[in-house]
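Right, one structure below, let's go through it.
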Amino acid sequence: MTSTLIANTQPKIISDSDCRIKLVGLGRNEISYHLENFGIEKQKLKMRTKQIFHWIYNYGVRDWSEMTNITKSLRKELEIRFSLDRPKVIEKQVSNDGTRKYLIQMSPGIEVESVFIPDVSKTGALCVSSQVGCTLTCKFCHTGTQKLVRNLTAREIVLQVIAARDDLNEWPTTQENRKLTNIVFMGMGEPLYNSEQVGNSLDIICDPEGIGIGRRRITISTSGIVPEIGPIGLRTSAMLAISLHAANDELREKIMPINRKYPLKELMQACRDYPGLSNSKRITFEYVMLKGVNDKPKHAKQLINLLKGIPSKVNLIPFNPWPGSDFECSDWATIESFADIVNKAGYASPIRTPRGRDILAACGQLKSESEKLRASDLRKLNISSNKS
Ligand code: SAH
Ligand code: SF4
């Protein structure tokens, strides 16, 4: 009896006897720093960093022996100090629509979900997480029921991309017909409460000598953390998506408590001021269709008024249910007439086809098991909780 209790309250400890420095997921500066500490001569540091960066992010190598432009003896020494290991993909699920969900273990107790969504046109987007859990509590979102465990580091964000490319066999980067062409920060967490690491991760993901995904193919989605919107635009030049979901303060406050802190007037002003905004770089407004809550014609009209003067498109997202959720998805006919009103006002308003619902991989359904480890458990494991 006692032993069962202890077993249930103990955090999972995964033994990792390899204490070499892990290079995969790090940026040029960090790689260079480690190489310098290792003893690479100053005049060769830039060249060696470039070579290793290219092998990791262009070729996806997993073994030092593959780095053929580095001498055998140096490779052997590097291998003793540095590893090219990936994090463990604990679980992979493939939906009957081709969507792939990965549960990745970054370190003991830190589990992250990311989702690859293939498109009909042979392109596809990887939906990455920026935090484990979320501090915000949007009422319709499953992640919102999971307490924040901690922010992810830039490395852990990049590792999600690496894991997906491993699975999709997408190395080297120069390979034609790549499937993973876009990245959306629409997984677990609020990216603008982790702006610095999100910005750093883009520098690695977008580096043309590595994975080389264009900045305009990356979309950062936010629930509306107003003071961070302008700075993230300047820092990353990425596309912006706003989780709007209601076009009046009263309703938005009810379903998204963050609206009390940053009401619509301020949010819309930050959108108007978004760096580089133009008709070719529009803001995407996401609008989840909740039956009887925000789906009436009057709501569509409020939305049109709110968007006036902002180059924008509206993504209508049928609500994805999750265990214990209080909402229902609007009827299809209601969604279509809502789309029609918005469209007639001159805004593109595609209805997003729900993807991966059968494996709980659709928008707002992600929730990893990491929250089972409470802060005290994390302390026992010597992991800081790094809350924002
Ligand atoms: N925290 C960020 C990004 C992650 S959420 C944000 O809120 O924008 C990604 C998108 O899924 C957001 O637009 C979010 O509002 C939406 N979403 C959350 N729960 C949902 C659900 N159950 N059904 C459909 N969309 C949902
Ligand atoms: Fe957090 Fe975004 Fe979910 Fe809101 S919708 S709880 S901000 S992940």
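All of the numbers you see were taken from the coordinates with simple rules; none came from a lab. Small disclaimer: the values here were computed from a predicted structure and weren't measured.
The table for this structure:
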item	result
Choice from D166, D295, D203 with maximal GNM fluctuation in the chain (Cα, 10 Å cutoff)	D166
Per residue convex hull volume, Cα atoms of region 67-130, in Å³	145 Å³
Which listed pairs, of K46/K72; K261/K281; K139/K308; K92/K179, have C-alpha distances above 23 Å, in listed order	K261/K281; K139/K308
Over region 21-83: Rg over Rh, Cα atoms, Kirkwood Rh	0.90
Distance histogram for region 180-303 (every C-alpha pair counted, 10 angstrom bins, percent rounded to whole numbers)	12, 42, 32, 12, 2
Region 311-360-region 231-260 distance, computed between alpha-carbon centres (Å)	17 Å
Theoretical gain in end-to-end length, T71 to T181 [0.36 nm per residue, Cα-Cα removed]	36.2 nm
Sequence-separation-based contact order of the chain, relative, with Cα cut under 8 Å and 6+ spacing, percent	16 percent
Gain on full stretching of the segment that runs from R86 to D358 - 0.36 nm per residue minus C-alpha separation	95.2 nm
Share of pairwise Cα separations in region 88-387, more than 27 Å, in percent	39 percent
